[in-house]
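Structure, as structure tokens:
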């Protein structure tokens, strides 16, 4: 059912608030007797059923991106339902995502990244096979519509903070040695999220996402067993082929991305680290015009993280992070790094109606402090300084640009924070995200920079899981 946009705001704001309150009250009353849909249905062990409902309120003052209202707000509702049935070594699974937004206006920052009503990003058959190849390898094969998270999730991910997720249609093969080490090979057609026109998005219209050979992603990721000091190494290669669809003009990206990552996960009483580098080549059109000439691509990304977690009751952890993603320079080559289908929240800041900092044309050192004051609570606060890698390219994902380079390369200071609290452990969680961006000279002086002052963003989330 489509809810007309002109009267959805007041009704849905009050309805969402009442729904959140009823969730909290019901959960607190039954906190000692956890309930699952699996047990309620009396489902056999061969059938797995799970789902979630998330309600989010977002508010933004001081919009950074040009073309949008200075102040913006939205209520996002996301419902998921997953089912998987196992027959011997075969599994048949499907997952529904229903992502809708209310309170949004036509001059706001809501896009089809937030709206995707009654979608099926997953519908697959999978097979689990042991002792293949040299009898030391287990294999899993997935065919169909899939949600995929690989490695650091900076190139291929199924986004979770965003109100919608990313789906991929095709084949995935996972190989795992019993002595350690994994390999993942994939060939997919990334799903094009629909609808993509503003009127349909604001009305939460239902239209099935489409995949086609006009957009193809394939590649492989290899992870070593844990080496010295409990560290491991990823090696990856991914190829993206894009061309114009009958109803969609593109820049015909043909990108080859090679990535290497060495990492050690955080643990109490020890140093953790992550070193990741990616190099991107290929070709891209100058514009979406069918007759536009091609440019050779030479772009790169690297990340350094060094942290330490103390063996204390609140598990405090302090980490230094430094991210560099190349921007485009004059000279005949295209240098703007493309993160393909990578996530942003874990490294930078929220997407949603903020969505300002992304993995392109960016140089950013930062300090992150994490702690867990109780078994149900976790929090972090992070400071980042923000520079452009190229002063003549648009900054990160803001679309703010000075083609002359005269506005400098300092974008500002960002403080990002998050608090999570389990009202009912593993069943009902509250989350708050808050961001303050003190704009630097570039975001104040660039020709198309909105004159909106510093940016503040707040999101309040309540998620029930069953």
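Throughout, read-outs are computed from the coordinates displayed, never taken from laboratory work. This one's a predicted model, so the numbers in the text were calculated from it and none came from an experiment. When we count neighbours, we look across all protein chains shown, and the Cβ atoms used for this are built from the backbone with ideal geometry, even at glycine.
General observations
- Packing around the peptides 431-443, 372-384, taken as the average count of other Cβ atoms within 10 Å per residue, puts them in this order, highest first: 431-443, 372-384.
- Residues in segment 166-195 reached by a label modelled at residue 224 [backbone nitrogen below 20 Å; 7 Å Cα→Cβ]: 175-185
- Distance in nm between pseudo-label sites at residue 134 and residue 258 (7 Å out along the Cβ direction from Cα): 2.5
- Reported to the nearest whole Å, the Cα centre-to-centre distance from segment 400-415 to segment 264-325 is 21.
- Mean separation of Cα pairs under 8 Å and 6 or more residues apart, divided by the residue count, gives segment 5-465 a relative contact order of 13 percent.
- Sequence ranges 267-279, 136-148, ranked by mean other-Cβ count within 10 angstrom, highest first: 136-148, 267-279
- Compared with the direct C-alpha span, the chain from residue 283 to residue 419 gains 44.8 nm at full extension, assuming 0.36 nm per residue.
- Calculated [222 nm] ellipticity per residue, helices only, for the chain: -2500 deg cm²/dmol; basis is -39500 (n - 2.57) per DSSP H run with n ≥ 4, divided by all residues, nearest 500.
- Per-peptide average of other Cβ atoms within 10 Å, ordering 306-313, 153-160 highest first: 153-160, 306-313
- Between residue 199 and residue 59, the contour length at 0.36 nm per residue exceeds the Cα-Cα span by 48.3 nm.
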